[in-house]
1. Output the residues belonging to segment 8-47 that are open to solvent by 60 Å² or more (accessible area, probe 1.4 Å) and part of a loop (DSSP other than H, G, I, E, B).
2. May I ask you to list the residues in segment 84-103 that are touching a residue at least 24 places away in the same chain (Cβ under 8 Å), within 23 Å of residue 146 (Cα to Cα) and open to solvent by 20 Å² or more (accessible area, probe 1.4 Å)?
3. Scan segment 62-81 for residues that are out of contact with any helix residue (DSSP H, G or I) (no Cβ under 7 Å at 6 or more places or on another chain) and of a type outside the set (Ser, Thr, Tyr) and jot them down.
4. Among the numbered conditions (1) without any contact (Cβ under 8 Å) to a residue 12 or more places away in the chain; (2) open to solvent by 70 Å² or more (accessible area, probe 1.4 Å), tell me where residue 60 comes up short.
5. Got a sec? Which of 91, 64 is among the polar types (S, T, N, Q), within 29 Å of residue 22 (Cα to Cα), more than 13 Å from the chain's Cα centre (by Cα) and in a helix (DSSP H, G or I)?
6. Is there a residue being among the aliphatic types (A, V, I, L, M), out of contact with any Cys (no Cβ under 7 Å at 6 or more places or on another chain), within 30 Å of residue 127 (Cβ to Cβ) and without any contact (Cβ under 8 Å) to a residue 40 or more places away in the chain anywhere in segment 75-82?
7. Given the criteria more than 30 Å from residue 5 (Cβ to Cβ), touching a helix residue (DSSP H, G or I) at 6+ places or on another chain (Cβ under 9 Å) and open to solvent by 20 Å² or more (accessible area, probe 1.4 Å), does residue 51 qualify?
8. From the list 106, 81, pick out the single residue that is in a helix (DSSP H, G or I), open to solvent by less than 80 Å² (accessible area, probe 1.4 Å) and among the acidic types (Asp, Glu).
Amino acid sequence: MTVVLDNPLAVRRAAMDLLARREHGRVELTRKLRKRGAPEELIEAALQRLSEEGLLSEARYLESFVAYRARAGYGPQRIREELGQRGLARSDIDQALRESGIDWFEQLRETWLRKFSGRLPVDARERAQQGRFLAYRGYSLEMIGRLLRGCDE
């Protein structure tokens, strides 16, 4: 049975159902409601009201997303890219990354330890393999180089 989102109350209820599961950004929530068949003007009105009531917060979404992805072993560059793809402003993303309080070098070390058991590369091939993995995860080449040279800070 498909719920018809043709009135303000139905759109609000659908938005709140999504927000009850986890934080969402405005762009992401708009896309999901549009996909469910809600008209643009009802979506905009519902999201505006939810924002005013503090139920929809980009800042909370950014904080939650950054923490979640960092716990999963992803670095700031990858997180920045993922949030950019979700339609968030670059300045807001950068601010959230700065204010996260995450020690990115320590995150890099933990990710490397989990994946490579703390074994420094013994040759160029291994160094390249470890470096590629960590770069894909979103850590800077400068940080990766420091780690793989065995420098702790």
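The values are calculated or read from the model by the stated rules, or taken from the named source; none is laboratory data. None of these values were measured; they are calculated from a predicted model. Positions of Cβ are generated from backbone atoms using ideal geometry, with glycine treated the same way; all protein chains shown enter the neighbour counts. With ligands, DNA and RNA removed, areas are computed over all heavy atoms of the protein, side chains included. Shrake-Rupley method; radii C 1.70, N 1.55, O 1.52, S 1.80 Å.
1. 22, 36
2. Once the filter is applied, which keeps residues that are touching a residue at least 24 places away in the same chain (Cβ under 8 Å), within 23 Å of residue 146 (Cα to Cα) and open to solvent by 20 Å² or more (accessible area, probe 1.4 Å), segment 84-103 yields 100, 102.
3. Quick first cut of segment 62-81, residues out of contact with any helix residue (DSSP H, G or I) (no Cβ under 7 Å at 6 or more places or on another chain) only: 64, 67-68, 71-72, 74, 77-78, 81.
Once the filter is applied, which keeps residues that are out of contact with any helix residue (DSSP H, G or I) (no Cβ under 7 Å at 6 or more places or on another chain) and of a type outside the set (Ser, Thr, Tyr), segment 62-81 yields 67, 71, 72, 77, 78, 81.
4. In the conditions (1) without any contact (Cβ under 8 Å) to a residue 12 or more places away in the chain; (2) open to solvent by 70 Å² or more (accessible area, probe 1.4 Å), residue 60 misses (1) alone.
5. On the way: 64 fails: more than 13 Å from the chain's Cα centre (by Cα).
Answer to the selection: 91.
6. Taking segment 75-82 and keeping what is among the aliphatic types (A, V, I, L, M), we get 79.
Still in the running and out of contact with any Cys (no Cβ under 7 Å at 6 or more places or on another chain): 79.
With the extra rule that they be within 30 Å of residue 127 (Cβ to Cβ), the set shrinks to 79.
Applying the additional criterion that residues be without any contact (Cβ under 8 Å) to a residue 40 or more places away in the chain yields none.
Scanning segment 75-82, I find no residue that is among the aliphatic types (A, V, I, L, M), out of contact with any Cys (no Cβ under 7 Å at 6 or more places or on another chain), within 30 Å of residue 127 (Cβ to Cβ) and without any contact (Cβ under 8 Å) to a residue 40 or more places away in the chain, so the answer is no.
7. Numbers: more than 30 Å from residue 5 (Cβ to Cβ): no; touching a helix residue (DSSP H, G or I) at 6+ places or on another chain (Cβ under 9 Å): yes; open to solvent by 20 Å² or more (accessible area, probe 1.4 Å): yes.
Spelling it out, it is not the case that residue 51 is more than 30 Å from residue 5 (Cβ to Cβ), touching a helix residue (DSSP H, G or I) at 6+ places or on another chain (Cβ under 9 Å) and open to solvent by 20 Å² or more (accessible area, probe 1.4 Å).
8. Numbers: 81 fails: open to solvent by less than 80 Å² (accessible area, probe 1.4 Å).
Criteria check complete, one pass: 106.
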